[in-house]
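Structure record follows, encoded as structure tokens.
The values are calculated or read from the model by the stated rules, or taken from the named source; none is laboratory data. Just so we're clear, the structure is a prediction, and the values are computed from it rather than from any experiment. Glycine also receives a Cβ, built like all others from the backbone with ideal geometry; neighbour counts cover every protein chain displayed.
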Amino acid sequence: MTIKRLFIFLLLLIVSTSLQAQRFNKKGVYDDLRHGQWEAALLVQGSGGTEIEGESGSSIDIDDSFGWGFNIGWNMNANWNFSYKFTMNKPDYLAVIVPEGIEGEDPVPREVDYQLDKYSHAFNATWHWFKGPITPFLQAGIGYTTIDSGIPSQPPQTGCWYDPWWGYICDTFWKTYDTGDFAYNLGLGIRWDVNGALFLRGSYNREFFKVDSGSLDFDTITLDMGLMF
């Protein structure tokens, strides 16, 4: 199932569940379960592909991918939640690099087919529509995202040292081309507080991330399972 199909499925689920939640929440059995509670959750995330066009025909095309992460938050009351979220994934990508040509000759593009590392840190504010256990929500946040191309930016360097546990060790290190900057996200989703401890959450977010040659915007589908305490 593609990321786009997951998004459509989640959107339909949010709409239909929201209508049922209004009826269920009228019972008031589990109102204010979240009020004043801390929470922690593990998550899986599907990230849609994106692409960007650079100068002189250069480009990068990033594939769909799946990653993981965790979320730690505090419910100020039944409506407002403030949280920190960490996610990471390793999508494949195809980069077209156009070297500076020799005068009088056309440059020959080079293709790089590799895998990058993406790490995102976000501080989010979430507003829940209902106080009951089943509720849609809106979310917005700001954070910092880093992307590592995995391509060495200089020759490798080898170093040796004495370790108190493992003895004499030698290893090779190399720096890679990477970038990092502030990012922000907007999203919506649905939450179900199963009881006073366990909760499930599904959401769609768009992450806006600027790079030197433009903007890389990632559409993500996230599924959380967590505990309140």
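Data table
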quantity: Subset of the range 61-98 [aliphatic (A, V, I, L, M) and free of Cβ contacts under 8 Å to residues at least 60 places away in the same chain]; calculated: Ile72, Met76, Ala78, Met88, Leu94, Ala95, Val96, Ile97, Val98
quantity: The lone exception for Trp192 - which of (1) under 16 Å from Thr87 (Cβ atoms); (2) in contact with a helix residue (DSSP H, G or I) (Cβ under 9 Å, 6 or more places away or on another chain) it fails; calculated: (1)
quantity: Within the range 103-125, tally of residues that are more than 27 Å from Asp178 (Cα to Cα) and at pLDDT below 95; calculated: 4
quantity: Tabulated pairs, the range 187-211, first free of Cβ contacts under 8 Å to residues at least 12 places away in the same chain and at positive phi, second outside any strand (DSSP E or B) and surrounded by fewer than 16 Cβ atoms within 10 Å (Cβ to Cβ), C-beta under 7 angstrom, 6+ apart or interchain; calculated: none
quantity: The listed residue being touching a strand residue (DSSP E or B) at 6+ places or on another chain (Cβ under 6 Å) and either at pLDDT 90 or above or not in a strand (DSSP E or B) (or both), out of Tyr144, Tyr177; calculated: Tyr144
quantity: Residue satisfying all of: in the range 109-168; exposed (fewer than 13 other Cβ atoms within 10 Å of the Cβ) and acidic (Asp, Glu); farthest from Asn75 (Cα to Cα) among these; calculated: Glu111
quantity: Pair list, Cβ < 7 Å and 6+ apart or interchain, from the range 106-118 residues that are closer than 28 Å to Met88 by Cβ to residues that are of a type in the set (Lys, Arg) and part of a strand (DSSP E or B); calculated: none
quantity: Check on Ser16, polar (S, T, N, Q), in a helix (DSSP H, G or I) and at pLDDT 60 or above; calculated: no
